[in-house]
Amino acid sequence: MNNSSKNKVAVVILNWNGVSLLEKFLPSIVNYSDNATIYVVDNNSSDTSVSFLQKNFPTVTLIQNQENYGFAGGYTIALQHVEEEIYALVNSDIEVTENWLQPIIELFDNEPETAIIQPKILDYKNKDYFEYAGAGGGFIDKFGYPFCRGRIFTTIEKDNKQYDDTTTVFWASGACLFIRKSVFQELGGFDTDFFAHQEEIDLCWRAFNANHTIKYCGKSTVFHLGGATLEASNPKKTYLNFRNSLLMLVKNLPAKQVFQIIIFRLILDGVAGVRFLFLGKFQHFIAILKAHFSFYIMFPKISKKRVKFIPKKYYSVSSIVLDYYWAKKRYFKDLF
């Protein structure tokens, strides 16, 4: 599995039963990723992904995991076999553009303190708009609710070049995340207990707590299909998002805040559950209950992973929920 290439960047695509996505999106990555080594990590697919890759993309290095370890475990295990100094972790439903790598590489070269970078992420289905998962770079509020430049809850901004800058952000989207190999190893990779969803925010929070810088680079653009593995309507996605958000808070919040914020979040989760009931989404209500029970069971294990020092202030707004629903601040520019 080891690759002897002298390339600086490894473009690593995680796949599980996504042969149709590989057929649609892998050509753009192969065509526009000069001077990068391309890997596909197969998470023990039961479709024809492996044979398709071997037949049609012989220049792509295939890493085969023995099980479906999810996003977090799949990458963390497979990246042990990748030698390049910069990892570009790219979803299988990402279309890249010409010269997408160059601005990212230049930023890493010019800023040794920058550890993680995200490009501009636009919607593959509606290319004039930002895409939900990452948009123009991620932030978080005091209670752990994530939001993005270009996307707050269900409000998606049109791309009017307002986020063509390069700036510091709090988290980078797992849909397309660049990270130095040395930092990924220092942090121990993604937390495999998360399986999937919000593991990239947890990784970025741990990087932030360790005084690393996370950047957004608007000079690089990719298009994300979104929902290719789990659609938003899938109760399992609700379960993982609610559970993992709580796990992330336990791990990364300052000691003086952790219990009061966790209690408040549990109450807000209950409100969200009642809302699902009123909307007739009973399975999502059950998913939240399951998420909470799983959180209680995992709490002793996760609490041992807490950072050993008091981190810096992590949030940019106190409550994105109040700002959005009460103050009617729908766009990122309205928050400050």
Checklist entry - Can you tell which of ALA133, ALA210 is of a type in the set (A, V, I, L, M), under 28 Å from SER319 (Cβ atoms) and either within 14 Å of the chain's Cα centre (by Cα) or not assigned by TED's automatic domain parsing to the domain that holds TYR75 (or both)? => result ALA133
Next on the checklist: Return the pair list, or none, for Cβ contacts closer than 8 Å from residues in the range 263-290 that are more than 22 Å from LEU253 (Cα to Cα) to residues that are surrounded by fewer than 14 Cβ atoms within 10 Å (Cβ to Cβ) and of a type in the set (Val, Ile, Thr), at least 6 apart or on different chains.
Outcome noted: PHE285/VAL274
Checklist outcome for this item: Within the range 286-314, residues among the aromatic types (Phe, Trp, Tyr) and at pLDDT below 95 come out as PHE309, TYR314
Item to check | Answer residue from the range 147-158, given it is surrounded by fewer than 21 Cβ atoms within 10 Å (Cβ to Cβ) and not polar (S, T, N, Q) and is modelled with the lowest pLDDT among those | outcome: PHE153
Checklist entry - Given the structure, is ARG330 surrounded by fewer than 18 Cβ atoms within 10 Å (Cβ to Cβ), of a type outside the set (Val, Ile, Thr), out of contact with any Leu (no Cβ under 9 Å at 6 or more places or on another chain) and under 18 Å from PRO146 (Cα atoms)? => result yes
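Just need a number here: residues in the range 58-83 that are among the aromatic types (Phe, Trp, Tyr) and part of a loop (DSSP other than H, G, I, E, B).
Matching residues across the range 58-83 total 1.
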Checklist entry - Which residues, taken from the range 31-79, are acidic (Asp, Glu) and surrounded by fewer than 21 Cβ atoms within 10 Å (Cβ to Cβ)? => result ASP34, ASP47, GLU67
Checklist outcome for this item: Selection over the range 302-325 where residues are assigned to a helix (DSSP H, G or I) and either among the aromatic types (Phe, Trp, Tyr) or exposed (fewer than 11 other Cβ atoms within 10 Å of the Cβ) (or both) yields a count of 2
Checklist outcome for this item: Quick count over the range 35-65, residues being within 24 Å of ILE179 (Cβ to Cβ) and without any contact (Cβ under 8 Å) to a residue 24 or more places away in the chain, is 2
Next on the checklist: Whether any residue in the range 214-234 is assigned to a helix (DSSP H, G or I) and of a type in the set (S, T, N, Q) is what I want to check.
Outcome noted: no
Item to check | Unique residue being at pLDDT below 95, farther than 30 Å from GLN162 by Cβ and touching a Ser or Thr at 6+ places or on another chain (Cβ under 9 Å) when the list is PHE276, PHE264 | outcome: PHE276
Item to check | Breaking point among (1) at pLDDT 95 or above; (2) surrounded by fewer than 19 Cβ atoms within 10 Å (Cβ to Cβ); (3) among the aromatic types (Phe, Trp, Tyr), for TYR216 | outcome: (2)
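Which is over 18 Å from ALA88 (Cβ atoms), not in a loop (DSSP other than H, G, I, E, B) and not aliphatic (A, V, I, L, M), of PHE208, PHE184?
None of the others qualify; the one that does is PHE208.
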Checklist entry - Going by the structure shown, is LYS333 under 30 Å from TYR163 (Cα atoms) and either part of a helix (DSSP H, G or I) or in contact with a Gly (Cβ under 7 Å, 6 or more places away or on another chain) (or both)? => result yes
Item to check | Scope the range 93-114; condition touching a Leu at 6+ places or on another chain (Cβ under 9 Å) and either under 13 Å from THR166 (Cα atoms) or in a strand (DSSP E or B) (or both); matching residues | outcome: ILE94, GLU95, THR114
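The values are calculated or read from the model by the stated rules, or taken from the named source; none is laboratory data. Just so we're clear, the structure is a prediction, and the values are computed from it rather than from any experiment. Every residue, glycine among them, receives a Cβ derived from its backbone with ideal geometry; neighbour counts consider all protein chains shown.
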